[in-house]
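These notes concern the structure reproduced below.
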Amino acid sequence: MNKFWNEFKEFAVKGNAVDLAVGVIIGAAFGGVINSLVKDIIMPPIGLLTGGLDFSNKFLILKDAPGGGIFATPAEAAKAGAVTWNYGNFITLVISFLIVAACIFLVVKAMNKMKRPAPDAPAISKDCPACAMTIPIKATRCPHCTTELSSRASSTA
């Protein structure tokens, strides 16, 4: 049991578990911000430009309710017992997904641009001549294949 605990502790602390947990937590918070951006900032002007068109209440009745009737929303139809095909909600979710994906793309692109090293910055990594993995420039032994390195390993930016 002690060996199991030590292995688990090494996995949780030294492995990527902590990084993954932080990523999930930040991702959830960031998801809330992006969803608010889409719902509260981007979608109202789109609705205004389309004349208030709201796809979320568009549906077809596949099987009428036992007592028949005319329904304004899919929820009303389902409550009455009708079988509906809610294509409008799907369209709304696809539009929302595309907007969220575009926002995420722009944020990731901006983050990558900030992380890029300056063009004339010194090399910080080199390629292992044996396995071609990228390793720190000061490494004397490859952590991937354990090859002892000489100073003639090729440098990359």
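I need a count of the residues in segment 1-19 that are assigned to a helix (DSSP H, G or I) and either acidic (Asp, Glu) or at pLDDT below 80 (or both).
Residues that pass the stated criteria total 10.
Taken over segment 115-136, the criterion of being at pLDDT below 85 and not small (Gly, Ala, Ser) is satisfied by LYS115, ARG116, PRO117, PRO119, ASP120, PRO122, ILE124.
Picking from residues in segment 56-77 that are among the charged types (D, E, K, R) and without any contact (Cβ under 8 Å) to a residue 24 or more places away in the chain, the one that is surrounded by the most Cβ atoms within 10 Å (Cβ to Cβ) is GLU76.
So which of VAL38, VAL22 is more than 24 Å from LEU93 (Cβ to Cβ) and of a type in the set (A, V, I, L, M, F, W, C)? Outline the logic, then answer.
Working: VAL38 fails: more than 24 Å from LEU93 (Cβ to Cβ).
None of the others qualify; the one that does is VAL22.
Among the residues of segment 21-55 satisfying the criterion of being under 20 Å from the mean Cα position of the chain (by Cα), closer than 28 Å to TRP85 by Cβ and among the aliphatic types (A, V, I, L, M), which is surrounded by the most Cβ atoms within 10 Å (Cβ to Cβ)? Among those that are under 20 Å from the mean Cα position of the chain (by Cα), closer than 28 Å to TRP85 by Cβ and among the aliphatic types (A, V, I, L, M), it is VAL38.
Hey, does segment 68-78 have a residue that's of a type in the set (Asp, Glu) and part of a helix (DSSP H, G or I)? The answer is yes, given that some residue of segment 68-78 is of a type in the set (Asp, Glu) and part of a helix (DSSP H, G or I).
The values are calculated or read from the model by the stated rules, or taken from the named source; none is laboratory data. Keep in mind that what you see is a predicted model, and the values were worked out from it rather than measured. Using ideal geometry, Cβ is built from the backbone for each residue, glycine included, and neighbour counts are taken over all protein chains shown.
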